[in-house]
Structures are given as C-alpha cells and as structure tokens.
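**Student:** Once you've had a glance at the structure underneath, I'll fire off some questions.
Just so you know, all these numbers are worked out from the coordinates, no wet-lab data involved. Just so it is clear, the structure is predicted and the values come from calculations on it, not from any experiment. Ideal geometry is used to build each Cβ from the backbone, glycine not excepted, and the neighbour counts take in all protein chains shown.
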Amino acid sequence: MSVNRTALCAAAIVAALAAAAPAVYGGGPKLSSYRVTLVNLTGGQPFSPPVAATHQSAIRMFQVGRLASDELAAIAQDGNELPMATLFGASDKVTEVVDVGRPLTTSGKVVGSFTDTASFEIAAAPGDRFSIATMLICTNDGFLGLDAVKLPKQGSETFELNGYDAGREQNTEQSVDIVDPCSALGPMPLPGDPDGNRDAEVATSPAEAIQHHPNIQGVGELSVSAHGWSDPVAQVTIERLS
C-alpha cells in the first residue's frame, strides 16, 4: 500500500510535465463560463494537482466538521485527485469537472514548468456551486479547498483559503509518512527520500472530522520555519466570462 501511495503521487507529478491542458469531464451547451485562478500564498507548502467542479448543492467534495470521504482522503494523504475527479465526473449533479493536472509550487518559486499559480476555465449551470480541493504536500493529511461556494453573477469574486486536516492520519511530520514530492517541490529535501509513505501504521482510528489544520508543530522532520504557514494558504479568484 505504501508503494502505491508513492507511485500515485509521483506518477501524477510526472504526468503533469507532459500535460498541455487540464482534463475536463462533463459540460454542456448554454452554460456560463468562468475563469478560476488559484494562487499559493505559502513559502513552504506546495500543492498537489487541484481538482475543481461546478455542481448542485446536493453533492459536496468536503464539509468541515464532517468525516472525509475516501476520495477526499486520497487528495489529503496522497495528492491523488483522480478518485474525486472520477466521482464527480460520473454524477448527474455535476456540470463540469476540471483536473488541473499539475502541482503548484510555493509562493514565488519555479520548478521546471511548475509555478505557484494555476488558471483554468470552467462552465456552470444556473444555480451551480463551485468547489476545489488540493493537498498541502508537506503534511500528513493536510489539504485546502473551497466547499460549494456561490459563483459570482457578474464580475469576479476572490476567496481566501485556510488549511484543513482530513482527520485520517496522525500528524507525525516524519519523512517516511510524507509524500516524496515534498522533497522535490518543497523548501528542502527530507531525510531518506524517496522512502515510500506508510499509511496503516499512522492512520487515525477512528477517523476524525475535518477541522482546521493545527499547522506544522516540529515534532518530526518537517521544519516549523520552513514548512509552516499563516492562513490564508491560498487565494482563489472566480471571474465570470459570459
């Protein structure tokens, strides 16, 4: 299982190098178009490839105070957005899903073709909500996102995002429990990488509800000064195009 976690996250990063555009699922005629821009505001937390969707309020990617779904846990623990993209792409309550297909670097940093900003277009039906989720890569099961926010009827609206804990994994802050792309995209290499990522050994049992992330505590091999952050961790601007 630990090998699969590493392979999934690493494969997502490698595949993103060749991606020319986001993968889009769904969509339809006579819809409103929006441009979404996500900006990483942190100096120590790269983001995994984000997944976003326009959808009815009856379906949710996550809700603070409730248990994380397996699809959300895959994002928060592994940086793997594909299960969530597949789940939303198959729902008749969803207008469109966008898999951004590449990670975001820390603020102001460029790694290969990766930067700290991602921009994409998405379609929405009248009354749709917007959600997005992505992993705080240098954490055990930290993530950030927007939960079913209203889309602007005209102009644009900007949202500030905080970091959340998915409640699925203990915050050991040890390299062996952190996805390897933290070393490649984060502020510094972690000891032993690539060293795989344990899951069952550090699983939170029973699972806890999604809550505000306690931030990096310095109890393991993550550095408070290098990997820590101050909320907000990101900014999302949604602009109506038509």
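**Student:** What is the distance, in nm, between label points placed 7 Å from the Cα along the Cα-to-Cβ direction at K93 and at E201?
**Tutor:** 3.8
**Student:** If each DSSP helix of 4+ residues adds -39,500 (n - 2.57) and the sum is divided by the residues in the chain, what number results at 222 nm, nearest 500 deg cm²/dmol?
**Tutor:** My calculation for the chain gives -5000 deg cm²/dmol from helical runs alone.
**Student:** Provide Rg over Rh for region 123-242; use the alpha carbon set for both Rg and the Kirkwood Rh (inverse mean inverse pair distance).
**Tutor:** Computed over Cα atoms, the ratio is 1.06.
**Student:** Which value results when the Cα radius of gyration for region 129-181 is divided by 2.2 N^0.38 Å?
**Tutor:** Relative to the rule-of-thumb radius for its length, region 129-181 sits at 1.46.
**Student:** Amide H neighbours of A148 under 5 Å, counting only residues 5+ apart in sequence or on other chains, H built in-plane at 1.01 Å?
**Tutor:** Residues meeting the criterion, in which the H sits 1.01 Å from N, are M61, F130, S131, I132.
**Student:** Name the residue from S175, A53, S69 whose Cα lies farthest towards the positive end of the charge dipole of the chain, charges +1 on Cβ of Lys and Arg and -1 on Cβ of Asp and Glu.
**Tutor:** Selected residue: A53.
**Student:** Any idea how far the Cα center of region 214-229 sits from the one of region 158-188, in Å?
**Tutor:** 10
**Student:** Shifting gears a bit: Would you mind telling me which residue in V179, V98, V202 has the biggest mean-square fluctuation in a Gaussian network model of the chain, where springs connect alpha carbons within a distance under 10 angstrom?
**Tutor:** In the Gaussian network model the winner is V202.
**Student:** Once you put a point 7 Å from the Cα of H212 and another 7 Å from the Cα of S156, both along the Cβ direction, what distance in nm separates them?
**Tutor:** My value for the distance between the label points is 2.8 nm.
**Student:** Give me the base-10 log of I(q)/I(0) for the chain at each q in 0.10, 0.12, 0.16 Å⁻¹, Debye formula, one uniform scatterer per Cα, rounded to two decimals.
**Tutor:** -0.42, -0.61, -1.09
**Student:** Continuing with this model, one more query. Could you give each residue of region 229-237 its phi-based ³J(HN,Hα) in whole Hz, using Karplus coefficients 6.51, -1.76, 1.60 with θ = phi - 60°, and x for Gly or Pro?
**Tutor:** My calculation for region 229-237 gives 8, 10, 5, x, 8, 7, 10, 10, 10 Hz in order.
**Student:** Cut-off 12 Å, label point 7 angstrom out along Cα-to-Cβ of M188: give me the residues of region 103-133 whose amide nitrogen falls inside.
**Tutor:** None, by backbone N distance to the label point.
**Student:** Provide, for q = 0.25 Å⁻¹, the log10 of I(q)/I(0) from a solvent-free Debye sum over equal Cα point scatterers in region 164-223.
**Tutor:** With one equal scatterer per Cα and no solvent, log10 I(q)/I(0) is -1.12.
**Student:** On a straight-distance basis, which aspartates and glutamates could pair with K30 in a cross-link, Cα separation under 14 angstrom, same-chain partners fewer than 8 positions away excluded?
**Tutor:** E96, D128
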